[in-house]
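J.: Have a look at this one.
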Amino acid sequence: MTRHTVLIADDHALLRMGLRSLLEAQEDFAVVGEADDGELAVSAGLSLKPDVIIMDYMMPRLDGAVAAKRILAENPSQKILILTSYGSANGISEALQAGVAGALLKNDDNREIVDSLRKIIRGERIISPEIQRLMNESPSIEELSARQLEILELITHGLTNAEIANIFSIQEDTVKKHVNAVFERIGAANRAEAVAIALRKHLLKI
């Protein structure tokens with residue numbers, strides 16, 4: 001039986017160990033390398049050229065989406081499965097557009113992860129239903145103006161309209177218009193809901 005080679009990239013040693021044990025218990029997989037940050041994932045991915053890379057979304061130095069895009073820029077045929085502990089819709093959406101073969105949640109069943117790797121190697125694309133749902137409902141960062149993003153970040157830090165107006169040296173009414181536009185864009189009814197949505201959907205790197 002052909003053994004498919006796998007690179008595991010995750011900054012948590014216990015998770016790498018768990019994935020290695022899971023895969024080495026399968027007759028058709030062989031783990032050929034590990035990486036504990038995004039930079040190492042890129043170098044290992046390009047040098048080892050495994051059949052598939054399991055890439056953690058959140059890693060030091062480079063996040064998984066950026067690391068995946070760098071690998072795919074050099075090797076467009078590389079199969080990459082991103083694992084995330086939450087549905088970070090914007091970054092994963094960018095990675096999928098760049099050619100990542102799949103995205104699953106870390107709490108998905110082990111059997112589903114193994115089955116997904118086999119499907120990816122066969123050329124299929126696999127996206128967790130929860131991640132797909134978040135991507136469908138999440139506004140894109142690019143669809144908010146730079147000023148709206150700045151204001152949304154300040155809202156998440158608890159600043160009032162008056163305080164925001166003072167920071168940007170603009171009228172409070174102007175800030176209010178920006179705030180209302182942000183609320184409408186992300187589907188929030190008030191500041192508390194805007195903060196919850198921004199954090200849940202990872203619209204900002206805070």
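J.: Project the alpha carbons of the chain onto their principal axes and report the range along each, largest first, in whole Å.
T.: 69, 29, 29
J.: Please report how far the C-alpha centroid of the stretch 147-206 lies from that of the stretch 3-63, rounded to the nearest whole angstrom.
T.: Cα centroid to Cα centroid, the span is 38 Å.
J.: Could you state, as a whole-number percent, how many of the C-alpha pairs of the stretch 18-70 are farther apart than 19 Å?
T.: So the pairs more than 19 Å apart make up 27 percent of the total in the stretch 18-70.
J.: Specify the angular offset, from 0 to 90 degrees and rounded to the nearest 10, of the alpha carbon long axis of helix 13-24 from the longest principal axis of the alpha carbons in the chain.
T.: It is inclined by approximately 40 degrees.
J.: Let me know the volume per residue of the alpha-carbon convex hull for the stretch 12-132, in Å³.
T.: Residue-normalised Cα hull volume stands at 92 Å³.
J.: Counting heavy atoms of the protein chains only and a 1.4 Å probe, report the per residue accessible area for the chain as a whole number of Å².
T.: Ligands and nucleic acids excluded, the figure is 50 Å² per residue.
J.: Accessible area of the chain with a 1.4 Å probe: how many percent of it is carbon plus sulfur?
T.: 49 percent
The values are calculated or read from the model by the stated rules, or taken from the named source; none is laboratory data. All values reported here derive from a predicted model rather than from experimental measurement. Only protein heavy atoms, including side chains, enter the accessible area calculation; ligands, DNA and RNA are left aside. Shrake-Rupley method; radii C 1.70, N 1.55, O 1.52, S 1.80 Å.
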